[in-house]
Amino acid sequence: MFLHFAFVLLCFHLISAALPRPKLYGNAIPDRDVDPKYSSTRKKIILYHNFFRARVNPPASNMLQVSWHDGATEDAERWAQACQVLSHDNITGRWVDDYGSCGQNIFIANVRVPWFFAIKVWFLEHQNFTYNGSNNIPTVVGHYTQMVWYNSHKIGCSYHYCGPNVTATPYHSYICNYCPIGNYPDRFSRPYDTGEPCSKCPGQCKYNKTLH
């Protein structure tokens, strides 16, 4: 059984102590800045993931650089449009032919926020994570571990507004699927191998020699 969990954000004050309110939110953010159908948005989502994956502590010796996957994107888009709030898609719905079932992170907010904000919220779970520790709680740190899982190097993300015509409490949904799936229970507390950054793939290092 694999572990994948959602993070609820209905009000900014819930995490204000950990992350300031973004400078831009709501209608100040144009559609093209949140919709991954635009290449500029896809590039930013990839950049943000690689930015945080390169900053894990302790450092990773085998962290792969992420890139976009169209099949994972289609699955994430279909599920975002289904407006199931924080319920995850099933394994079949997260399946892509070249990697099998993919992991999934979900973020929701009552106002539109930048992708960087959503992704950083997932990453900030590291504050409650101890590498190779015995007390890591999947419901508390599961977004972080999936996001930095060493070989989950293909991502597909989607944004969708679930309005009052489909839900009593409208919300903005941000979903990313990660392939191949991470969060394996037998190494949940070791989402990557530690060591000199990129040392397990000499000569193939990228992103300031931290990813390969």
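No lab work stands behind these numbers, since they all come straight from the coordinates. Bear in mind that the values here come from a model prediction, so they are computed numbers and not experimental data. Every residue, glycine as well, gets a Cβ built from its backbone with ideal geometry; the counts of neighbours run over all protein chains shown.
Results, tabulated for the structure shown:
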{"read-out": "For Trp95, residues with placed amide H under 5 Å, excluding near neighbours", "value": "Cys102"}
{"read-out": "Relative contact order %, the range 30-190, counting alpha carbon pairs below 8 Å whose residues are six or more apart", "value": "33 percent"}
{"read-out": "Full-stretch length increase - Phe116, Tyr38 - with 0.36 nm per residue and alpha-carbon distance subtracted", "value": "26.5 nm"}
{"read-out": "Set of lysines near Lys23 by C-alpha distance (under 19 Å), chain-local residues within fewer than 8 positions excluded", "value": "Lys44, Lys120"}
{"read-out": "Taking Tyr144, Tyr174, Tyr161, Tyr150 and counting other C-beta atoms within 10 Å, the order from fewest to most", "value": "Tyr161, Tyr150, Tyr144, Tyr174"}
